[in-house]
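Inspection log for the structure reproduced underneath, given as structure tokens.
Just so it is clear, none of the values below were taken in a lab; they were calculated from the coordinates. Remember, it's a predicted structure, so these values are computed and weren't measured experimentally. Cβ atoms come from the backbone with ideal geometry, glycine included; neighbour counts cover every protein chain shown.
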Amino acid sequence: MANPTPETTTKENDLMQRLIDEKSSANDLQHRRHKNWNENYELYRNRVKTNRLTQRQPVNIPLMKETIKTLLSKIDDAPNVEWKEQGGDEDKEILYQEMWDANFRENKLELTDILDKKNVLLYGISTKKLNISDTGIEIDTMDVYDIVYDPLMTTNDIETARFMVHQNIFRRIEEILVDDRYTKEGKEELKQWANSKAGMVQGDENRILWRERQARWRDMGTTEATGETHRAMANTDEELFASGDTVVNLSEHYTNIWNEDKKEWERHVMVYADEHVLLSDDLLVDLMGVDFWPFVVWSEDPETNDIYADSVADLVRTPNKVMNVWFSQLVENRTLKNFQMHWFLPNQNYTPQTYTPGPGVMLPAPPGEDINKVIKPVEVSGLDDTMPAIQALTNIVERGTGATAIEKGEGEKGNQTLGEIEILVGKSVERTIGMAKFYRMAWYEIAWKWGKLMHANKPKVLTLYKVGRSGKLYSKKIYASDWESKDGYEPQIISSSEQEQESFKTIQKFTFVIQQFPDNKALREIAQKRMLDVLDLSPEELKQVEEAETGQPVQQILGPQGEGPQQQPDNTGLVNEIESSLAELTV
């Protein structure tokens, strides 16, 4: 290996310093949120910190968990992504749709979606990363601590970021030294660094970071994972450190670098170890075949000037901490009352003792003294207003987050009519749908980038499986020429919650219009069709309903010659039927 020239060494040092400065500025922006994130996470995990003044008992009211889990259940499931071939080739469109559906199943994108939404509810932001694999494109949900962004990035457009860093990628040094993606010079420098005193200290710090990261993912309920998350969690701490392996913390640094020859900015991907050793420097377009950042970031309450927006958990955190203090005091108050402690006056003839309580136990009193003057119970004032105060604070949180008692599966106190319950549920659904709009936009972006990466990194062959009507499993090998399109594909994101909400509103409008035009047969048929669409009937069931409806004689509505109705029909039954169906679907 040729020795590097002083000029080359200076350039590498300047580049490394630039990368460190960019990473530092991005981490400084995120560090502002770490204290709040940690508290949100600890409350979600029912962990509290005690102190000598306000909360001396380790008790927690699970307001954070029930709010997050309620909203998580109300946000739409992973939406259906339907692909449209721009040239109108239905055969390619069907194959492409099957490729996406297979990727969704095999890479467990439903789990990825749950982690994605939970990140947003707890931390206010979530990032998904697209990775190239042998079978296509994988999509992983990132740990919020592991991805940092350019502070000057436009909050609603990730492509405006000058740089971003995927940090905390932990690898054994042996894995790095045999990886062909890294340069020989970088590997040699890494070996020297790992054997130095500073490198050994850094290795110990990396172990601590690794354990914290693993514990956080396990506590989030991740019992299985996919893609990069699965690879990172594949080994337990014992397996990773059993042989005393040196653990290296890698960073993937995505940044824009000016090309003096071409007079344009180029997007680079640089990998370095422990912020000291540069292992690789490649163009993004050479690595992935595209020139956009392979990340998608979203939040449910976006801000204009801050990428790290407030989360739902931020609204719950302070009230939950206050409740914990009050509940801790209530628990301690009841404990003190149960102790039944007494004051006593010292007396030569009386030495107080403690006795085991029991039925019929006789306790000695001081001789020759008025017991009321010698012994007096310690007064412990009651905290009878604690539970009403906690309930009042809970109601404030519910109004702020939209996770009402009804949504949590609890009944509201007091008598309420069905109409009042429908209004409460409807308002909560509208808030959830407002949150799902940003969620759907993020899914469109991830699908669009997935499609572009698939075209830029075409797998040689894919095997798709399909279950036939008989239940038999069929396989088919798909080549790039079978699905590749000159005109491209456009994803359509179908959100079930928004579809249902729009259907409800449409039925309400139809109900009102039918009352104004009670004799209009066409309007009645259209309204009935819309109602059946909401019920999601199978083709056979839909056919049965339509046959039963069309089997009614037309003369009941129109005159013998079709001149018009002989008498005005009573549409009260139809209106009641529509309103009843709407109420059932809404509740």
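Table for the structure above
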| item | result |
| --- | --- |
| Of Lys117/Lys262; Lys129/Lys262; Lys11/Lys129, those spanning more than 32 Å from alpha-carbon to alpha-carbon | Lys117/Lys262 |
| Computed lengthening from Glu525 to Gln492, 0.36 nm per intervening residue step minus Cα-Cα distance | 9.0 nm |
| Using θ = phi - 60° and Karplus 6.51 cos²θ - 1.76 cosθ + 1.60, couplings along segment 317-329 (whole Hz; Gly, Pro as x) | 4, 5, x, 5, 5, 5, 4, 4, 5, 4, 5, 4, 5 |
| Additional length obtainable on full extension of the chain from Glu188 to Thr135, 0.36 nm per residue less Cα span | 15.8 nm |
| FRET efficiency, Thr318 to Lys437 (Cβ-Cβ, R0 35 Å, nearest 0.05) | 0.80 |
| In nm, spacing of pseudo-spin labels at Lys460 and Asp101 (7 Å Cα→C-beta vector) | 2.8 nm |
| Spin-label proximity, Asp179 to segment 247-272 - amide N less than 14 Å from point 7 Å beyond Cα toward beta carbon | 247-254, 269-272 |
| Set of segment 22-50 residues, backbone N closer than 16 Å to the point 7 Å along the Cα-Cβ line of Arg162 | 22-29 |
| Spacing of the two label points (7 Å from each Cα toward its C-beta) at Leu383 and Ile208, in nm | 3.5 nm |
| Extension gain from Lys373 to Glu260, taking 0.36 nm per residue of separation minus the Cα-Cα distance | 31.1 nm |
| In Hz, Karplus ³J(HN,Hα) per residue of segment 180-193 (6.51, -1.76, 1.60; θ = phi - 60°; x = Gly, Pro) | 6, 6, 9, 6, 5, 4, x, 5, 4, 5, 5, 4, 5, 5 |
